Structure formats: C-alpha cells, structure tokens
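> Before I ask anything, here is the structure I am working with.
The values are calculated or read from the model by the stated rules, or taken from the named source; none is laboratory data. What you see is a predicted model, and the numbers here were worked out from it, not measured in a lab. Don't worry about glycine lacking a Cβ; one is built from the backbone with ideal geometry, like all the others, and counts go over all protein chains shown.
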C-alpha cells in the first residue's frame, strides 16, 4: 500500500469509529504530515475529545504511546524523568531514568488545561526545542506525534501562557452531535462496545509516517499560494500604530485610525509568525495527499491555525467571528488583484515613476500592507533625491 493510501486509510478508520466533525478529522490527519506534530482538541465535556485523541494515537503509533492526565497530580518524574536512586547511593552517580512519556513516539495529554504550571513548562520546552532536561542531563526527544485535549470552560482550569498554546500547530473545536449522529453513535457502541478504541488498528508504522513527512517537506508550492499564505498572516498582524509593542490595545488603539474598517481593527492580539510556518506545512500536506490546492483551501486551513494564536476585539463565537474576518480578507485580496497593485509595486521596485507612484499612493491609503511596502521604497527614493520627504506617503497621511 502506498503512503498516500495509508494516510487515507487512517482517515477512514478514524471516521468509521468517530461520529460527526468530519472536517476536523480531515485537518487533524493533515497536521500529522510534518515532524513533531502537535494537535490541540477543544470541546465541552462528553463530546469525544479524548476518544478522538486515542484513535489518532493508536492509528499512528500502535501501542507505543503514553497519555498523561491533567486531572491527576502529574509529577515531573512522570513527564520528564527521575533519578535512579541505587546508582546515586552505591556509585555516587546521578543517572536519570527518562519517563515513558519522553521516549514514546505517541504522546497524549488529557485535559491539558488542568496541568500544573511546572509540568506545562517542561512540556513547553520539549515542544519548543525537541529536548528535555532533568538533574543537569539532557536527552533529545526526536520525532513524535503529540495530541492534547482540553475544556477551557472547566472551572479547575489553569491559565497557561500564550507561547505554550502557540506551540500547537492547530487547534480544532468539536461540535455536539446532531440527532442523526446520536443514532449512528448508538449503533457504533452496540457494534464495538468498550472496544471502540481498542479495535483501532495501527494503519502505518512510525517509519512510514516519517517517510510521508519527508515527502511532504519536499513538496513545492505555487508562488501564488506562497504569496497568499504570507499576505494572509501579514494582514492579521499589521497595524500602522504598532499594536505589537503598544501598551494600549484595540479598540482604544483604533480610535481615529484611517484603517478602522480594515481587518486589522477586529484583531486585539495578532498571530505569531509560526502561523505562516504551519499554514505552509498544511498546504504542502494537502497538495501531497490530494494532488490539488487552491487559494480557498488556504483560508479554510487558516480557520484552525489562527484561533489559539490570536484574540479578537469582539468575540461572541470565536470560530464564526474568525470565519467572517477571513471572508473579509478574501474580498480584500480579490480587490488587490483587480487593482493589479502588486504588479505596480513590482514595476516601482525597478525604478521611480511619478505617474505610477501617484496611483500607488492613492491605493496605499486603503491598504495597510501595501502602504508598508511602498513606504520602504519611499525611504530609498528620498535618499537618492528622486522624491522629497514632504511628498511621501507618510506625510500625506499624517502618520508621522
């Protein structure tokens, strides 16, 4: 069986045992196709987040996985390692017995929101650097599959720092079952009983998964897709008033701003640059697995890459609000293409043209990211003496 067929079989095996949320399963499978993948599943209690986590771990790593639970008092030794006391007493040597969680190819965290901050810090370090430390000794963790779940509404939740959640590639949300789904679930439970998870086969070896990951990494994306990914993330980050370093956050920061109706005005804290990396990885995985990738696919993938990396000014329903912003962003990109503004910018990079610059400056008044790039060119033109400082876009819009 080919690697692509095995990945599709994994997806089908999970869907045959898990009712509903099919789009979520699709994106979780795609997210496994790069090194040290990390997936976060969020849902209210009783929706099946632990079951989905276990199905994926078994399908990818067989029995070579360890799950730690935030609901229990997890100690450092269970997550990282502990001293081998006999070696210390007899030989005076500090030998570390590394925890099974560190050595296992599959790593699961149940109710990650209940983990104590110290344990979270150790896992964060592992996800960030691919290594763990204990008693002055270090071990490289290597490649793995990490799945975690949480119910943020749980009253016993710890508040973990944003950089920790940023280390998860995607964050998916499970919906409760519809009436017809409930009947399907009853049939599944009657067929499998308590063996619903135990019956899940290991669809491919970890070595085969690694080979698939290597193939995906070598995929080359079309330049337009790469441009869409970078422009999308930048539009969600950009702020003419330097939101990233300001102590004042929107909506106060946006008062009187020229771009009050732009995408940026709905974003309180922007996503990190890791969003670009993950979106690129997912785009490669989709192209490798399905043989095609369109601009619309990038927007669909972004829905699962952004929610845990940013916060909105007004969030009633996070996913719906984010969908609406992505729709506005798509319209914005279509308008850019209609104005052919990137072609104009490309021509201006080859040399100053007064007519083109005048038009570009008018366009920049309505497009923050375009304005950023135009202002970079302006600085060079001012140095060369082909443009006066008082005629620049910055002065025109009174930003300085």
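> Just to confirm my filter: which strands (runs of 3 or more DSSP E) fall fully inside segment 85-187 and include at least 1 residues that are without any contact (Cβ under 8 Å) to a residue 12 or more places away in the chain and over 19 Å from the mean Cα position of the chain (by Cα)?
131-134, 137-140
> Let me ask something additional. Residues in segment 60-78: is at least one assigned to a helix (DSSP H, G or I) and within 29 Å of residue 16 (Cβ to Cβ)?
Looking for residues that are assigned to a helix (DSSP H, G or I) and within 29 Å of residue 16 (Cβ to Cβ), one finds at least one in segment 60-78, hence yes.
> Given 278, 229, which one is within 15 Å of the chain's Cα centre (by Cα), closer than 18 Å to residue 328 by Cα, in contact (Cβ under 8 Å) with a residue 60 or more places away in the chain and assigned to a helix (DSSP H, G or I)?
Result of the check over 278, 229: 229.
> Residues of segment 343-370 being touching a residue at least 60 places away in the same chain (Cβ under 8 Å) and surrounded by fewer than 17 Cβ atoms within 10 Å (Cβ to Cβ), which ones?
365, the sole residue that qualifies.
> For segment 188-226, name all the residues that are part of a helix (DSSP H, G or I), closer than 20 Å to residue 36 by Cβ and touching a helix residue (DSSP H, G or I) at 6+ places or on another chain (Cβ under 8 Å).
Scanning segment 188-226 gives 206, 208, 209, 211, 212, 215, 216, 217.
> I'd like to know if segment 247-269 contains one or more residues that are surrounded by 14 or more Cβ atoms within 10 Å (Cβ to Cβ), outside the structural domain of residue 36 (by TED's automatic domain parsing), part of a helix (DSSP H, G or I) and under 12 Å from the mean Cα position of the chain (by Cα).
There is no residue in segment 247-269 that is surrounded by 14 or more Cβ atoms within 10 Å (Cβ to Cβ), outside the structural domain of residue 36 (by TED's automatic domain parsing), part of a helix (DSSP H, G or I) and under 12 Å from the mean Cα position of the chain (by Cα).
> So which of 373, 390, 380, 329 is modelled with pLDDT under 90 and assigned by TED's automatic domain parsing to the domain that holds residue 254?
390
> Let me ask something else. Report, by residue number, each residue of segment 333-369 that is within 22 Å of residue 265 (Cβ to Cβ) and either assigned to a loop (DSSP other than H, G, I, E, B) or not assigned by TED's automatic domain parsing to the domain that holds residue 379 (or both).
Within segment 333-369, 365, 366, 367 qualify.
> Considering 79, 66, 19, which residue is over 20 Å from residue 203 (Cβ atoms), in contact with a helix residue (DSSP H, G or I) (Cβ under 6 Å, 6 or more places away or on another chain) and in contact (Cβ under 8 Å) with a residue 40 or more places away in the chain?
79
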